[in-house]
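The next block holds one structure in the form of C-alpha cells; read it before the comments.
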Amino acid sequence: MGNKELMIRLRGVKKKYRLGRIGGGTLKADMESRWAALRGKEDPNTIIGEKRKVGDTFMALNGIDLDVYEGEALGIIGRNGAGKSTLLKLLSRVTAPTDGVIEMWGRVTSMLEVGTGFHGEMTGRENIYMNGSILGMTKAEIDAKIEDIIEFSEVRDFIDTPVKRYSSGMFVKLAFSVAAHLDSEIMIMDEVLAVGDVAFQKKCLSKMREAAGTQGRTVLYVSHNMNTIRQLCDRCVVMDEGKIIFDGDVEKAIELYTAVTPQKLPGKYIYDKTYHNDLWKHPDFTIEEMHATDRVNFVFDSGEDILLSLSVSTKQAFNSVKFRFEFSDMSENKLGSMWSHGTLSFEENEHRELNAKISSRLFTPGQYKVDIVAFLTDAFGEDHFLDGVYPGFYLEISEKINDANPFVWHREWWGSLRLQEFEIE
C-alpha cells in the first residue's frame, strides 16, 4: 500500500471452539456435565428447555486473510457472532489461532472490554505503571507520560483509589487513556466507547484520529455505531459467519452491513413480546400487527402513498390516544418523527384495525427503520406512554424517476429527507 509499512498480516486464520465439553463456570460443573454425557443422561447444568450440543465444533473464524498498514484506521463491523471480537482476541494474543498465520510488527495496546488488563486491587496510578511495564516501557518513560494520561482520563480525583471501586464509565476513561498514550504501534479497540459519555466519546475519537493520522499508529476499531466508524476509519471490513465478506470503502461497507433486501422485507409484522418495551408498556393496551394494505412487502415507488394497516387491542377504555412513527436510517441515525392527526378513543376489550397513509414524497430513495409508539394526552397536556414496538417495520423507497422524484438523489450530500420546495425569483 504505497510506501506504508505492513503492520499486520493474516493468512488462512481459523479459530475452532469445541462446544459442550467445558464452560460450566466451575470445574465441578464441567465434571458433572461430562459424567452425565458418558452415562447418556441429561446435562444437570443445562437451562431447562435448552438443547445443549455435545462434542460439536464451532468455527468462530474460518479462513481470514487480511493486511493492515501503518497509519491505517481500520473499522471492523458485522452482526453479533460474526467473529469480530474473536479476531481481536487473536491479534491481542489473548488466545491462539487453530490454524493459519498471524504476523504483527510493533507493540500492541488493546482494549477488548471494560477493565481488561486492570487489577481491581491496584489503584489507577499503579495500573498505569503495570500496563506500561507489560508493553516494555521503563519507569522513566511512563513517568514522562503519566500526567497526560491522568489529565485525559478525567479521573484525577480517584487516581489513587483501587479501580475495583470505579464505575464502568471511569474504567473506560482510564483504560482508553492508558491505551492511547502509552508507546505502541498498534491500537486495538472493541466497542470501547459504548459506555463513556458523549463528550468523552468525541474526545476519544479525536485522539484515535490523531493516533492514526499524525502519529502514524495503526488502529483497529470494532463498533456497532456506524457514525463512529464513519468519523474514525478510512477503511472498513465486514465480517459474517467467521469470514471477511467485504474489504474497502467505509460507506460501501456500511451499506452492505445495514442493507435489508426487498426479499427480506415482509408484508406483515406480528409483534410478539420481544418487540415491546415492557418497562413502560400499559398492560391493557397492545399494538399487535402491522401490514402493508396493497402489496406483499414494504417496498414503495418514489412519490406513491404508503398505505398501512395497524391492529390494536385493549382491555379497558382509553381516550385521547395518538400514534407516532419514529424514522431512522439503517445506521440508526434518527431522522424525524410523525404524529397522527387528532386523537382516537377505544372501548373496553376492543380489537380495532387502523388505517394510516404516509406520503413517500418526504423520503429519498433508500431504506428506513420505523418504530411505532402509542400514547395518550391527559387534561393537562402531558403525554403518557401506552405501547411501543421496536422496530415497528422496515420501509424501502425505490429509486424511480417520476414527477415526485425528478432526479437521482445523492444522500451522502443532501441527506435522507426531502424537504418542501421553496420559491425563488
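The values are calculated or read from the model by the stated rules, or taken from the named source; none is laboratory data. Keep in mind that this is a model prediction, so the values were computed, not measured. Using ideal geometry, Cβ is built from the backbone for each residue, glycine included, and neighbour counts are taken over all protein chains shown. We work out accessible area using only protein heavy atoms, side chains counted, and drop any ligands, DNA or RNA first. Shrake-Rupley method; radii C 1.70, N 1.55, O 1.52, S 1.80 Å.
Taking 0.36 nm per residue of separation and subtracting the current Cα-Cα distance, fully stretching the chain between SER328 and GLU5 would add 112.3 nm. Can you list the lysines whose alpha carbon is less than 19 Å from that of LYS268, not counting same-chain residues fewer than 8 positions off? Within the straight-line limit of under 19 Å, LYS268 reaches these lysines: LYS357, LYS369. So how far, in whole Å, is the C-alpha centre of segment 238-260 from the one of segment 289-304? Computed from Cα coordinates, the inter-centre distance equals 27 Å.
Packing here is the average count of other Cβ atoms within 10 Å per residue, and on that basis the peptides 342-352, 217-227, highest first, run 217-227, 342-352. Per residue, the convex hull spanned by the Cα atoms of segment 204-296 measures out at 168 cubic angstrom. Overall form of segment 110-226: oblate. Here a/c, set by the Cα gyration tensor axes a ≥ b ≥ c, is 1.5 or more, and a/b is not larger than b/c.
The length gained on full extension between LEU38 and GLN231, counted as 0.36 nm times the residue separation minus their Cα-Cα distance, comes to 64.1 nm. Overall, the accessible surface of the chain at a probe of 1.4 angstrom is composed of carbon and sulfur to the extent of 51 percent.
In the context of the full set of protein chains, residues of the chain present 54 Å² of accessible surface per residue (probe radius 1.4 Å, heavy atoms only). Straight Cα distances below 15 angstrom link LYS14 to the aspartates and glutamates ASP65, ASP99, GLU103, ASP240, GLU241, with same-chain residues fewer than 8 positions distant left out. Using every pair of distinct Cα positions in segment 263-414, the Kirkwood expression returns a hydrodynamic radius of 16.4 angstrom.
Compared with the direct C-alpha span, the chain from SER398 to LYS202 gains 67.1 nm at full extension, assuming 0.36 nm per residue.
A simple spin-label model places the labels of GLU121 and LYS243 4.8 nm from each other, with each point 7 Å out along Cα-to-Cβ. Mean residue ellipticity, 222 nm, helices only, the chain: the sum of -39500 (n - 2.57) across DSSP H runs of n ≥ 4, divided by residue count and rounded to 500, is -7000 deg cm²/dmol. Peptides 74-81, 205-212 ordered by packing proxy, namely the average of other Cβ atoms within 10 Å per residue, highest first: 74-81, 205-212. When the C-alpha to C-alpha distance is required to be over 18 Å, the pairs from LYS15/LYS252; LYS89/LYS252; LYS173/LYS203; LYS84/LYS243; LYS16/LYS89 that qualify are LYS15/LYS252; LYS89/LYS252.
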